[in-house]
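Let me begin by presenting the structure, written as structure tokens, before commenting on it.
The values are calculated or read from the model by the stated rules, or taken from the named source; none is laboratory data. Predicted, not measured: the structure shown is a model, and the values here were computed from it. Here the Cβ is made from the backbone with ideal geometry for all residues, glycine too, and neighbour counts use every protein chain on show.
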Amino acid sequence: MSATVDSSLFSKYFGDCPVISAEGRTHPVSVFYLEDIYQKLEYHPPSDSMASGVFLTSNRGKKLGKSFMDNHRGKKNLVMSSWGDESLLYEGYVNPYYFPEHYQSYCERTQQSLKSLNEDVIDFDLLEELICHIDVTCPPGAILVFLPGVAEIELLVDKLASSFQFRGASSDWLLPLHSSLASIDQHKVFSPPPEKIRKVIVSTDIAETSITIDDIIYVVDTGKHKESRFNPQKKMSSMVEDWISQANAKQRRGRAGRVRPGICFCLYTLHRFEKLMRPFQVPEMLRMQLSDLCLQIKSLSLGDIKSFLSEALEPPGEEAISSAIDLLYKVGAFEGYEELSPLGYHLAKLPVDVRIGKMMLYGAIFGCLSPILSIAAFLSHKSPFLNLKDEKHNILRAKSTLMTYDLNGCTTANESNKPSDHLLLVVAYNRWSRILHENGSTAAYRFCNSFFLNSSVMYTVRDMRIQFGNLLADIGLITLPKNFKQGDGRSKDKLESWFADMKQPFNVHAMHSAVIMVCIPMWLQP
């Protein structure tokens, strides 16, 4: 059912089984690639643009030393004496992905621009000019721009808001869209703008498949996204910016044709799309930590881990498997030759990251379960603090204010809590939960607004705390009260209150920050 799945790969894996395709109801979308955009706009990257070969060459010169800089300065003087012929500045740099035979039908200016282009950099000057061009020359309809991350989104929104084209009332309809936004701001992208005002949505790949916005007619695709990658050498996961796949590109352009014919402007060349982009996205098994999967393989008695994973559709590398096994030994889940330890036996029953699972087990054993449940839920989901560029100073002040409360979030602490991101999450949740219980949902919502917290994240974490607590009860580490097991509709509230009850044996040390920090594995601490 996935629009980006490699059906032929699955067919081959399952003995060349037949594939049945059902065409979707999409409208035609016209596609313009980078060379078409350059030609249409008569665009040439400015010499001070990071996407320009001049910028790249001059920055290399800084690393190569004074002699190179003197030579580059001489070239600038030569340009000034040659009536501003900037082509002389590009000497020494040629786009490695530029093939002259592909662009014979384009003008000399376009060919020169492509020849001197650094394709790995997003050209925000071009983005601004293109969006303004669409606004002036194209019929009404919303514009959807795909960018890889929040920082890039904020940069483009600021750039457009300061332009003549989108100043005044139009700037209110320059709408960022990413997972860190509050729900009310995310919902605004579905609202129709006033007459004669163009709605511009600047989004991460959250808009690629998750949502359909009815009035989108124009898509601007930078061809970049960020995805989590695991480095087996460093044993760390990180967000990496990379080119999207052909399947992702087709999915993005399809957003312009959901309700009517549309246009997609691709800020990459046709050559890159056809020859350099991978057909499909890298499978999750090849770019993620494999420790949880390895633990399940042993708990199900499926044999040797490496032998079993070698039979996968697209097997992971041996180094990634070895790294995952090493982590399981480090956590204490394995002993002997890939044998489950008593700790590993319990961790295998918890459908969470093994490091989060170990933290939860320790939280119950050392009597600080409630704060550990909150920390585990936030680490498994996301931070509740909103990412608002213009409010960074106020957000830091709100965090400092929260840390003046005790860990239960009810009274002012006698002395400031030890600075810790994890303890801050505990205080924020407990304060929110207390206000919700005592004053209701409206007061809790006002509290979230005052402290720049995402209200929906807090409710999600509340549910996750209950789920994690039930998981510990399922493996026998704690015992739920009998009247909670088959309770009425209020059982969730009662169960949450029970997990947060400081009188329970599993919370006897829940107000001691030192005990809480001991339960957090060293590799999960800042």
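Go through Phe366, Phe452 for me and flag whichever is out of contact with any Pro (no Cβ under 7 Å at 6 or more places or on another chain), surrounded by fewer than 20 Cβ atoms within 10 Å (Cβ to Cβ) and modelled with pLDDT of 90 or more.
After applying the criteria, what remains is Phe366.
Within the set of pairs 6 or more residues apart or between chains, which connect a residue that is closer than 20 Å to Arg252 by Cβ inside the stretch 1-25 to a residue that is modelled with pLDDT under 80 with Cβ atoms less than 7 Å apart?
That search, which allows pairs on different chains as well, returns Ala3/Thr209.
I'd like to verify a number: residues in the stretch 367-388 that are over 12 Å from Met464 (Cβ atoms) and touching a His at 6+ places or on another chain (Cβ under 6 Å), how many?
Number of matching residues: 2.
Within the stretch 311-323, is even one residue within 23 Å of the chain's Cα centre (by Cα) and either more than 30 Å from Ile216 (Cβ to Cβ) or of a type outside the set (Ser, Thr, Tyr) (or both)?
Yes; the residues of the stretch 311-323 include at least one that is within 23 Å of the chain's Cα centre (by Cα) and either more than 30 Å from Ile216 (Cβ to Cβ) or of a type outside the set (Ser, Thr, Tyr) (or both).
Name the residues in the stretch 277-311 that are among the hydrophobic types (A, V, I, L, M, F, W, C), within 22 Å of Val331 (Cα to Cα), in contact (Cβ under 8 Å) with a residue 12 or more places away in the chain and assigned to a loop (DSSP other than H, G, I, E, B), would you?
Once the filter is applied, which keeps residues that are among the hydrophobic types (A, V, I, L, M, F, W, C), within 22 Å of Val331 (Cα to Cα), in contact (Cβ under 8 Å) with a residue 12 or more places away in the chain and assigned to a loop (DSSP other than H, G, I, E, B), the stretch 277-311 yields Met288, Leu290.
Val19 fails exactly one of the following numbered conditions: (1) modelled with pLDDT of 85 or more; (2) surrounded by 19 or more Cβ atoms within 10 Å (Cβ to Cβ). What is the number of that condition?
Result: Val19 passes all but (2).
Looking at this structure, is Leu117 within 23 Å of the chain's Cα centre (by Cα) and either surrounded by fewer than 16 Cβ atoms within 10 Å (Cβ to Cβ) or not charged (D, E, K, R) (or both)?
Against the criterion (within 23 Å of the chain's Cα centre (by Cα) and either surrounded by fewer than 16 Cβ atoms within 10 Å (Cβ to Cβ) or not charged (D, E, K, R) (or both)), Leu117 does not qualify.
Taking Gln289 and the conditions (1) modelled with pLDDT under 90; (2) within 24 Å of Gly469 (Cα to Cα), which numbered condition does it fall short on, given that it satisfies the others?
(2)
For the stretch 494-508, how many residues are in contact (Cβ under 8 Å) with a residue 60 or more places away in the chain and in a helix (DSSP H, G or I)?
Adding up the residues that qualify gives 6.
Can you tell me which residue within the stretch 326-364, out of those that are basic (Lys, Arg) and either touching a residue at least 60 places away in the same chain (Cβ under 8 Å) or not in a helix (DSSP H, G or I) (or both), is farthest from Leu407 (Cα to Cα)?
It comes out as Lys349.
Output yes when any residue across the stretch 373-380 is at pLDDT 90 or above and among the β-branched types (Val, Ile, Thr), and no when none is.
yes
What residue, of Arg73, Arg25, Arg60, is more than 26 Å from Lys224 (Cβ to Cβ), of a type outside the set (Phe, Trp, Tyr), in a helix (DSSP H, G or I) and modelled with pLDDT under 75?
Arg73
How many residues does the stretch 93-119 contain that are in a loop (DSSP other than H, G, I, E, B), of a type in the set (A, V, I, L, M, F, W, C) and within 15 Å of Arg272 (Cβ to Cβ)?
1
For the stretch 179-269, please list each of the strands (runs of 3 or more DSSP E) lying entirely inside it that holds at least 2 residues being surrounded by fewer than 22 Cβ atoms within 10 Å (Cβ to Cβ) and among the polar types (S, T, N, Q).
The qualifying strands (runs of 3 or more DSSP E) are 224-231, 236-243.
Please give the helices (runs of 4 or more DSSP H) falling wholly within the stretch 365-477 in which 3 or more residues are in contact with an Asp or Glu (Cβ under 9 Å, 6 or more places away or on another chain).
Once the helices (runs of 4 or more DSSP H) in the stretch 365-477 are filtered for at least 3 residues that are in contact with an Asp or Glu (Cβ under 9 Å, 6 or more places away or on another chain), what remains is 369-380, 421-439, 455-474.
Suppose we keep only residues that are among the aromatic types (Phe, Trp, Tyr) and at pLDDT 90 or above within the stretch 499-526. Which one would you say is farthest from Pro342 (Cα to Cα)?
Across the stretch 499-526, the extreme among qualifying residues is Phe499.
Kindly indicate which of Asp125, Asp120 is acidic (Asp, Glu) and at pLDDT below 90.
The match here is Asp120.
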